[in-house]
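Visitor: I'd like to ask some things about the structure below.
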Amino acid sequence: MNVLRLPSRPGAAPVTPRRLLPLACAALVGAAACASSPPPPPAPQPATLVREAGPPDPDPRVGLKAGLLDAGEAAWNMRLVSSTPPPRDFVGQWNSDLAFKDNYVIQGNFYGILIWDITDPSRPQLVTGHICPGNQNDVSVYRNLLFVSVESPGTGRLDCGTAPIMEAVSPDRVRGVRIFDISDIRNPKLVANVQTCRGSHTHTVVEHPGDTENIYIYVSGTAPSRPAAELAGCSSARPEEDSASVMSRIDVIRVPLANPEQAAVVSTPRILAGLLLPPRRMSRAPADAAEVAEAKARGMFVVEVPLLGEEMILPTEATDQLLAQIVAQRGGSGAPTAADSAALREMLPMLISSMIGDDNILTSICHDITVYPAIRRAGGACLGYGLLLDISDPVHPVRIDAVADSNFVAWHSATFSNDGTKIVFTDEWGGGTAPKCRETDPKEWGANAIFTIENDRLRFQSYFKMPAAQTPQENCVAHNGSLIPIPGRDVMVQGWYQGGVSVFDFTDPKNPIEIAFFDRGPVDSTTAVTAGSWSAYWHNGLIISSEIARGLDILELVPSAYLSANEIEAAKTVRFSDFNPQGQPRFEWPASFVLARAYLDQLERSKGLAADRIQAARVALDRAERASGGARRTTLDRLASELDAAAAEAADRRKTELLAEVARELAAAAR
């Protein structure tokens, strides 16, 4: 998420109080969400469950009742297992990203870190709520170490204190990556603050194949450079003007596992160097164009924001503060004059540029990097471009391809298919706090773009956008997600902020389809309030969603025409201890009867194998599972041979061969 803030006074560092409005110091979280003593949460309301073949019509996500903890809900092919609100100290502070360790969910929050025990997913238990402010507080985990991103200059303190930092230069500020020792997970211990020039908006943990003594972290910072007076070596000049420039680069931190307090930046690869400004769309969404035109007609202040790719209407609270400062600077008093307003309009582009940069920012920063060590590749979502990186040497990643798209405003995140032949990039049009899933919004904007990877080149195939129209009060755009380990298919779960949680299949990259969803109504039916699923990830059989305002949601898939019970159960056989979604692991399915049946279900659904062969295979599997020893081995060997023979004539030869391989592995394991 990108949240832009105006300083409270010229030259002062932006301050981040509990309430933040877009481009100003007020929150998109409503009063109810920010109350210090929230009402006790009601039990999760029964959702509308729709399981018929084909997407529901009309879509039950449209027209849901508004509410913070009592909003209407709609679900299709999944169900809500539990919904747990944040603890009192964290109410009104935005929840951010997730990491996973064993049965623990580690949830970032702008005010600190929440650690949940989900051994019983119907009743998550809070292990600790560790107060340590610092936007965004995105999290990753490796063994006993927890890494946390800090970017905001106003909230991140070296001592995790809560007092804001007002000074433009301060020895107390941290912008970079915090490192905690969580050997005692109930009591995280801060062991290091690794400072970077731009801070850390997000980060990615990377293992080095030839270095077992260290772990590496890719740091993506989206804020302007801090002054050299605060951190030596920081420069906001162009790279050709200053070799220390923060532009076009990421930071790579090396963390000695035995001595994490010695962590330090060891390289700053310029993975964006040499790229030209990407093409930008010239039109505006109909609803946005109408709103901006009305605001201009009323004399409101409107400014172009390159980071968001559109004109933004500044909140009156922010412009009133700035006008008051202009009046004071000229020694005046009372209401601002027309000349004061004209001075502010002239100053705004420069102010925005000083905060986030000009158009060059589109070739200057990465928002997120997903690494896939098994194929030695990474996907860089770098605002103006999507990158394919070679990470054979993790300390020195190399760009091998780059793509731009005028439909994309802010390349945000990336997810590979399990076989590494496809990649999904997301576009965070509007920065995450704006409603970009309205009925009139183009389906190619704020969406996913699906590419195939052919000889290390990215080839565009299609777009996918959550299809249910959302209200103007609901922030909605493509955001964070992960693969679901459905064998033989490419299926992804994804958070869409107040667009909810969506599951889509992109096995056919030209024709992605939604196959499940969960959604709530807006927090408020009349006022825009930032909430919804920041991220939704599959972990060890469950879908975990970080709800910005409402807490932690746990969901599970249910069988449907698109996903059989066997496929879901086969997915549950893939398990990980530590899981960071930006460090993508390769799925490997252990041979099992449920895996074989999942492949049979897919062959039946796609008509990839003759119906009589499918039925015969089902009978053979049932017989083998009831048997043991030699009888099981003989039955499975015979089935594997029969499938080998059938594969030559099968419509889906590869899937039939996979089924035969499973039968053979099961036979070999029979005793």
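Visitor: Yes or no: Leu389 surrounded by 17 or more Cβ atoms within 10 Å (Cβ to Cβ) and closer than 30 Å to Thr316 by Cα?
Guide: no
Visitor: Here is a follow-up. Only residues that are part of a loop (DSSP other than H, G, I, E, B) and closer than 30 Å to Ile375 by Cβ: list them for the stretch 200-232, please.
Guide: Answer for the stretch 200-232, where residues must be part of a loop (DSSP other than H, G, I, E, B) and closer than 30 Å to Ile375 by Cβ: Ser200, His201, Pro209, Gly210, Gly221, Thr222.
Visitor: Among the residues of the stretch 234-272 satisfying the criterion of being open to solvent by 40 Å² or more (accessible area, probe 1.4 Å) and hydroxyl-bearing (Ser, Thr, Tyr), which is nearest to Ile391 (Cα to Cα)?
Guide: The qualifying residue nearest to Ile391 (Cα to Cα) is Thr268.
Visitor: Identify, please: which residue in the stretch 502-557 is farther than 30 Å from Trp589 by Cβ and of a type in the set (A, V, I, L, M, F, W, C) and is, among those, most open to solvent (accessible area, probe 1.4 Å)?
Guide: Filtering the stretch 502-557 for residues that are farther than 30 Å from Trp589 by Cβ and of a type in the set (A, V, I, L, M, F, W, C), the one most open to solvent (accessible area, probe 1.4 Å) comes out as Ala528.
Visitor: Quick check on this structure: which one of Gly379, Gly332 is out of contact with any Pro (no Cβ under 8 Å at 6 or more places or on another chain), open to solvent by less than 50 Å² (accessible area, probe 1.4 Å) and either hydrophobic (A, V, I, L, M, F, W, C) or in a strand (DSSP E or B) (or both)?
Guide: Gly379
Visitor: If you don't mind, there's one more thing I want to ask. Taking the stretch 99-158 as the search range and keeping residues that are assigned to a strand (DSSP E or B) and at positive phi, which one is surrounded by the fewest Cβ atoms within 10 Å (Cβ to Cβ)?
Guide: Per the criteria, the residue is Gly112.
Visitor: Here is a list: Ala32, Ala13, Ala47, Ala43. Which entry is in contact with a strand residue (DSSP E or B) (Cβ under 6 Å, 6 or more places away or on another chain) and modelled with pLDDT under 50?
Guide: Ala47
Visitor: Counting only residues that are of a type in the set (Phe, Trp, Tyr) and in a loop (DSSP other than H, G, I, E, B), which one in the stretch 470-515 is nearest to Tyr599 (Cα to Cα)?
Guide: By that ranking, first place goes to Phe506.
Visitor: Next question. Can you work out which of the residues in the stretch 243-268 that are under 23 Å from the mean Cα position of the chain (by Cα) and hydrophobic (A, V, I, L, M, F, W, C) is nearest to Tyr218 (Cα to Cα)?
Guide: Top of the filtered list is Val252.
Visitor: While we're on this one: Among residues belonging to the stretch 244-302 that are charged (D, E, K, R) and in a helix (DSSP H, G or I), point out the one that is farthest from Pro349 (Cα to Cα).
Guide: Glu261
Visitor: For the stretch 572-587, does any single residue satisfy the condition of being among the aliphatic types (A, V, I, L, M), assigned to a loop (DSSP other than H, G, I, E, B), within 30 Å of Ser140 (Cα to Cα) and modelled with pLDDT of 95 or more?
Guide: Yes: the stretch 572-587 contains one or more residues that are among the aliphatic types (A, V, I, L, M), assigned to a loop (DSSP other than H, G, I, E, B), within 30 Å of Ser140 (Cα to Cα) and modelled with pLDDT of 95 or more.
Visitor: Given the conditions (1) under 25 Å from Trp411 (Cβ atoms); (2) out of contact with any helix residue (DSSP H, G or I) (no Cβ under 9 Å at 6 or more places or on another chain); (3) open to solvent by 30 Å² or more (accessible area, probe 1.4 Å); (4) of a type in the set (A, V, I, L, M), report the number of the one that Leu277 does not fulfil.
Guide: All conditions pass for Leu277, except number (2).
Visitor: Right, something else. Can you name every one of the helices (runs of 4 or more DSSP H) wholly within the stretch 589-648 that holds 2 or more residues which are open to solvent by less than 50 Å² (accessible area, probe 1.4 Å), aliphatic (A, V, I, L, M) and more than 26 Å from Ser560 (Cβ to Cβ)?
Guide: In the stretch 589-648, 611-626, 629-647 are the helices (runs of 4 or more DSSP H) which contain 2 or more residues that are open to solvent by less than 50 Å² (accessible area, probe 1.4 Å), aliphatic (A, V, I, L, M) and more than 26 Å from Ser560 (Cβ to Cβ).
Visitor: Here's something else I'd like to know. Listed residues Ser220, Ser200; which is within 18 Å of Ala273 (Cβ to Cβ), in contact with an Asp or Glu (Cβ under 7 Å, 6 or more places away or on another chain) and buried (at least 23 other Cβ atoms within 10 Å of the Cβ)?
Guide: So the residue among Ser220, Ser200 that is within 18 Å of Ala273 (Cβ to Cβ), in contact with an Asp or Glu (Cβ under 7 Å, 6 or more places away or on another chain) and buried (at least 23 other Cβ atoms within 10 Å of the Cβ) is Ser220.
The values are calculated or read from the model by the stated rules, or taken from the named source; none is laboratory data. All values derive from a computational prediction rather than experimental measurement. For neighbour counting, all protein chains shown are included, and Cβ atoms are generated from backbone atoms with ideal geometry for every residue, glycine included. Each accessible area value is taken on the protein alone, full model and side chains, heavy atoms only, with ligands, DNA and RNA left out. Shrake-Rupley method; radii C 1.70, N 1.55, O 1.52, S 1.80 Å.
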